[in-house]
Amino acid sequence: MPKARAADSAGTASTRTSRGACVCGAVALEIDVPAVWAWHDHSAASRHAQGCAYATYVGSWRSRFRILKGSEHISRFEDKSARTARSFCALCGTPLFYERARAPKMVNIPRALFTKRTGREPRYHLHLTEAADWTWQGEAVTPLKGYPGVMWRRPRKGRPGKTADAAGDPMFEDD
């Protein structure tokens, strides 16, 4: 697990950083910016670990990553078969960082932890072949009347005289 560090290798605090924190604020971290790269990960493992359609990460050199507070609240799950480790806040459950054995000098951090820019915008999509069939793919959406801020995709028009119900709808088919 990355160790808490307050200064860079020269012993001086970095002036170009981006800070992040878990939901409850018990764990805070920062990276020197710009991040190395940023991407959207559509893999089943990241989707499952993050609880979302896909996870967006920024990658940082381990030497440019610091835990500012709360290291005692960090729990870690090591997946021996995948040779990965995912760390999260033991108090609120927020995913904090992801490490891979094949890239020991890198730390991958969920982009959502940062309130400010990280110096990289996500331009890459990894594991698109594993994307969930329910993931929004950019279909046209429109505002839902009476619910400000809610957008929805209108159902497809059926044949005249045919009613839309759960029968025949792929959404209700067993996996």
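The values are calculated or read from the model by the stated rules, or taken from the named source; none is laboratory data. Not measured: the values here are computed from a predicted model. Every residue, glycine as well, gets a Cβ built from its backbone with ideal geometry; the counts of neighbours run over all protein chains shown.
Name the residues in the range 88-114 that are outside any helix (DSSP H, G or I), closer than 19 Å to C52 by Cβ and within 14 Å of the chain's Cα centre (by Cα), would you? Before the answer, list the steps.
First, the residues of the range 88-114 that are outside any helix (DSSP H, G or I): 88-110, 114.
Retained after the next criterion (residues that are closer than 19 Å to C52 by Cβ): 88-89, 92-98, 108-110, 114.
Scanning the range 88-114 gives F88, G93, T94, P95, L96, F97, Y98, N108, I109, P110, F114.
Which residue is modelled with the lowest pLDDT, if the candidates are limited to the range 31-47 and must be touching a helix residue (DSSP H, G or I) at 6+ places or on another chain (Cβ under 8 Å) and part of a loop (DSSP other than H, G, I, E, B)?
By that ranking, first place goes to S43.
Look through the range 48-80, keep the residues that are modelled with pLDDT under 95, in contact with a strand residue (DSSP E or B) (Cβ under 8 Å, 6 or more places away or on another chain) and of a type in the set (A, V, I, L, M), and return whichever of them is nearest to A35 (Cα to Cα).
A55
Report yes if A85 is outside any strand (DSSP E or B) and more than 12 Å from A35 (Cβ to Cβ), otherwise no. Show your work before the answer.
On the way: outside any strand (DSSP E or B): no; more than 12 Å from A35 (Cβ to Cβ): yes.
Taking the combined requirement at face value, the residue does not satisfy it.
Here are some residues: R83, R16. Which one is at pLDDT below 95 and closer than 16 Å to R117 by Cα? Before you say what the answer is, go through the steps one by one.
Numbers: R83 fails: closer than 16 Å to R117 by Cα.
The unique qualifying residue is R16.
Please indicate, with yes or no, whether at least one residue in the range 65-74 is in contact (Cβ under 8 Å) with a residue 12 or more places away in the chain and assigned to a helix (DSSP H, G or I). Give the derivation first.
Filtering the range 65-74 for residues in contact (Cβ under 8 Å) with a residue 12 or more places away in the chain gives 65-71, 73-74.
Cutting the leftovers down to assigned to a helix (DSSP H, G or I) gives us 71, 73.
For the range 65-74, residues in contact (Cβ under 8 Å) with a residue 12 or more places away in the chain and assigned to a helix (DSSP H, G or I): present.
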